[in-house]
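Mind having a look at this structure? Questions to follow.
The numbers here are math on the coordinates, done by the rules we state, and not lab data. Bear in mind that the values here come from a model prediction, so they are computed numbers and not experimental data. Note that each Cβ is placed from the backbone with ideal geometry, even for glycine, and that neighbours are counted across all protein chains shown.
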Amino acid sequence: MQDGRLRKTLLLLGVLPLAASFTNCATVQPWQRGELADPIMIFNENPIEAGINEHYLDYREGSTGATGAQSGGCGCG
Amino acid sequence: MKSTLPAGRFNIPPLRGVRGVLWLAAIPFEFLVSHFDSLRAASFFVGNNTPLALLKGGIMCCLFIASAFAQDLPQDEVQVNLNSYFDNFNVQIYYPTIAVTKRFSDSSSVNLRYLVDVISAASMRSYFAVDGVTSATTKAEGGGDNHPDEVRQEAAIGFNELLQGGLLKGGSFSLNALYSREHDYSSFTLAGSFSYLLAKKNTTLQVGMVRSWDRSFPQIRTWTRRKEVYTPSFTLTQALTPKLIAQLLFSYNRTSGYIGDPYQIVQVIDGGQVRNFETTVPDQRVRKAVGGRLNYKLGQQSALNLALRYYWDSWDVNSFTTSLLWQRHLGKAATLGLGYRNYFQGRAYFFKPQYAAPELYMTVDTKLERGYSNDYEIKLTLNGGCYRLPVLSNPNVQLNVLMNLYHRHSETPDWHSRYQDLFAYIFSFGARYRF
């Protein structure tokens, strides 16, 4: 029961504000996107590097997913 | 072995055509419905059955289609990475990769990747002849002080396509196939994703599906067992301000078949008697994770990335992950990154530090034990064209150096090494050449 409450609380705190913010779309005009195009502003700019990180974490921890990176294919999990 | 899990919420239909796309689009809405239906404020999401969520997903998908814009293909490049892993459990892994991406038309590109895992571990030569950390086993031949104990090879091919006509014009999809083989395990994976830019390119919606077919044929057994994995996922990326971008991620993973580790040994200590058993775990595991990320530009040269993830599964493993990455341009010549990641997780319902009698499910896998981890990262990117050096004088070249220090603490000692604390060092050196 406590886990259920914790789950809902975390989702409320973390996800709902994000989801709500997504409804405020199209506030950034094309000529305002210079900063967003910077490589350091791109999530997982190097997918292979992200996969390398994901690879060793996946096989040493019990969780997976929702990181934007993909690894797998190994029988070591 | 029968699973004790209730029937899954998601009945996955064959993913064909528009119906498949709509089904994938419905997943996040179904998720939101199932978690927020008690919140009157979120009345938009009220309703708790899959057909309704499917309908909402379909409507939203159609709305998105109406305001779509074109996307770009990945750049042509060759990337080589030399990666290594060392830890205090005496595991050493070298895993070089090479990847090539090439456009072959204005709307299509192909990518190829090859990886080799070369593993050496003192534990592979132990009494059980297995490696309790990586679950790798000594090869039938080879091994020894100067030879690797395990070699895994992985090859992947991918295809990206921009859709330039039809109902889904402006979207892009990718399809990837991956095959991995080691002497006692093989895996074939198909992954597909579809993404769309919306709302004047301020929003990117991506739905994906990964499907794996694995075979396990351990050296110490005479059988071959199979495992299948479905992983639908959903990602929504939104530019919030000219300096702030956010991302919402959800993944659902259903693994069925043989999930256990055939090499790990459960010792049942009953009085003075010690008996060894195989690990036994349920034959199905449903894993869900939701995450959010924010990337904020600090001034002209720096950016701060914050990521949160909550994970829960049908084995009662819950976890929470927080990570922070700060990156800064050092002029045009280099970029420095400093990262920190914190993770803590709960224990699987059938995990016990010690078993006094044989049980239906028994495991000694530290990944299913309560614990936490910390990961410290430093990375440096050197941009070509800014140095008078043989390789770095070329503006198409980029060099990447990545170092991680990883510490994992588990509540009970690891079954094989008997350590509670794992310290690992990961080094990666990479070169990218864009042509």
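Provide the net charge surrounding B:L308, with neighbours chosen by a C-beta distance below 13 Å and charges set as Lys +1, Arg +1, Asp -1, Glu -1.
+3
Take the cross-link list B:K102/B:K227; B:K169/B:K288; B:K201/B:K379; B:K243/B:K379; B:K200/B:K379; B:K243/B:K288 and give me the ones stretching past 25 Å between alpha-carbons.
Those over the limit are B:K102/B:K227; B:K169/B:K288; B:K201/B:K379; B:K200/B:K379; B:K243/B:K288.
Mind listing the long-range amide H neighbours of B:W415? Cut-off is under 5 Å, sequence gap 5 or more, other chains count too, H placed in the peptide plane at 1.01 Å from N.
B:T366
Please enumerate, by chain and number, the aspartates and glutamates with C-alpha under 12 Å from the C-alpha of B:K367, excluding those fewer than 8 residues away in the same chain.
A:D58, A:E61, B:D261, B:E411, B:D414
Translational D (Stokes-Einstein, µm²/s) of the range B:238-373 at 25 °C and 0.890 mPa s when Rh comes from the Kirkwood sum over C-alpha pairs?
Calculated translational D: 135 µm²/s.
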